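Q: To start, I am sharing the structure in question, which I have written as structure tokens.
The values are calculated or read from the model by the stated rules, or taken from the named source; none is laboratory data. Since the model is a prediction, treat every value here as computed from it, not as a measurement. Ideal geometry is used to build each Cβ from the backbone, glycine not excepted, and the neighbour counts take in all protein chains shown.
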Amino acid sequence: MAELIAAVDDNPIWSDQVTLYDQQHFVTYARLLDADTANADWRDVARIVLLLDPAQDPDSAHRCWKTHLERARWMVTVGYEQLLENAELANQRNSAK
């Protein structure tokens, strides 16, 4: 289950499958997407959501924010389908018991 605040890697591992990292960062992804919809300044989002200090290393903080936002967008356009398929398979297995 996703924690309210999960530590983030500099760059999420890119995969065409939903990863454990993705599952651990559902809340982070949701917060990034909400902030993006609100047109929040990336520096504020990096500081509040990713717990980074953009003043200390702006390039690294920006890259981390950008890659996580890209992954969050992937999750809501592609990755969620895998989650639904997995849930359906689990339900079928449980019904067969």
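Q: Count, please, the residues in region 54-87 that happen to be within 15 Å of Val8 (Cβ to Cβ) and small (Gly, Ala, Ser).
A: Residues meeting the conditions: 3.
Q: Additional query: Within region 81-89, is even one residue modelled with pLDDT under 95 and surrounded by 12 or more Cβ atoms within 10 Å (Cβ to Cβ)? Walk me through how you get there before you give the answer.
A: Pass one, region 81-89, residues modelled with pLDDT under 95: 81-89.
Add one more test, that the residue is surrounded by 12 or more Cβ atoms within 10 Å (Cβ to Cβ), and what stays is 82-83.
Within region 81-89 (the criterion being modelled with pLDDT under 95 and surrounded by 12 or more Cβ atoms within 10 Å (Cβ to Cβ)), the answer is yes, since at least one residue qualifies.
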